[in-house]
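Visitor: Just dropping this structure here.
The values are calculated or read from the model by the stated rules, or taken from the named source; none is laboratory data. On a predicted model such as this, the values are computed, not experimentally measured, just so you know. For neighbour counting, all protein chains shown are included, and Cβ atoms are generated from backbone atoms with ideal geometry for every residue, glycine included.
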Amino acid sequence: MKLFILLGLFTNLLAFGSTLNSNTGRGFDKNEIDIYISSTDCSGAGFSTATFRDLVEDAVDDYWNAVPTADLKLNVKGVSNIDIAGKTHNDILNDGLVPANAILAGCNQSFASPTTLGGAVMSCTGNTCRAVLIINSGASSQMPNQDRDTQIAVIAHEVGHAIGLGHTEISHNLMYFNISGKTQNWLGQDDIDGVSYLYPHDEPALGCDFLPLLGSMGAIKDISDDDDDMSGGFMISILAGVLLSLLFFTPTKIFKSFI
Ligand SMILES: [Zn+2]
């Protein structure tokens, strides 16, 4: 028992399933999202950059692209020449290294907690979102100690954050906040509900058509932040989250999470 516990525990989420993030609204505007792979060395995480790309591809194919009730297609691109060495998630976003409406995935040693497995930050300005996902390649990273399936699950968990999902308190889900000892390699109902809500097959207009959808979303809550550094979560009901998303004209909003 060690190392993989998210520091910000949300004890008041016990009765709920999926969490979303009201700050980043309903996630990416498009249902087809490119994932670029950073060229930064991943060897400290236990694999080459090329292997990291394959792991990301397995993560999206095995998990998020495989949900029949969601219209989501994550496309993993080749290794790019984007170097994220020494940069935090926010540095990467602020430096403009992530293309619009895309996710950048890479490895580096920017983690405040040396044993953290990885983290993801999503940022949206208006309808334009960007996300960055980093796997810890520092000397104390626990990624090299994981088997391949667990590494894929960790990456898939971070991809879940990068597409707008928060944590769930229900352990039978990929987005459970603690993966210590977790061997599950499938999505749970909360994961499926969350991604299906964010990326529905038929995008309803924000009007009367939207109300029936709410009826099926009783297990989903909104959260505004999801960060190691937080001592508590600011959480509001899904209805309030929807109302907030209607007031969506605020500047850049950021969603952070570290596994
Ligand atoms: Zn997480």
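Visitor: Out of Asn90, Asn65, which single residue is surrounded by 15 or more Cβ atoms within 10 Å (Cβ to Cβ), out of contact with any Cys (no Cβ under 6 Å at 6 or more places or on another chain) and outside any strand (DSSP E or B)?
Guide: Details: Asn90 fails: surrounded by 15 or more Cβ atoms within 10 Å (Cβ to Cβ).
None of the others qualify; the one that does is Asn65.
Visitor: To continue, here is another question. Which pairs do you get when a residue that is surrounded by 15 or more Cβ atoms within 10 Å (Cβ to Cβ), found in segment 170-184, comes within reach of a residue that is modelled with pLDDT of 75 or more and in a loop (DSSP other than H, G, I, E, B), reach meaning Cβ atoms under 6 angstrom, with the pair 6+ apart or on two chains?
Guide: From segment 170-184, the pairs are Asn173/Gly188; Leu174/Leu187; Met175/His167; Phe177/His167.
Visitor: Quickly run through segment 174-190 and pick out the residues that are within 12 Å of the ligand (Cβ to nearest atom) and at pLDDT 85 or above.
Guide: Leu174, Met175, Tyr176
Visitor: So, Ser171, is that one modelled with pLDDT under 95 and away from the ligand (no atom under 12 Å from the Cβ) or not? I'd like the intermediate steps shown before the answer.
Guide: Numbers: modelled with pLDDT under 95: yes; away from the ligand (no atom under 12 Å from the Cβ): yes.
Criteria met by Ser171.
Visitor: For segment 39-62, how many residues meet the condition of being outside any loop (DSSP other than H, G, I, E, B), out of contact with any strand residue (DSSP E or B) (no Cβ under 6 Å at 6 or more places or on another chain) and under 17 Å from Ile82 (Cβ atoms)?
Guide: Number satisfying all stated conditions: 2.
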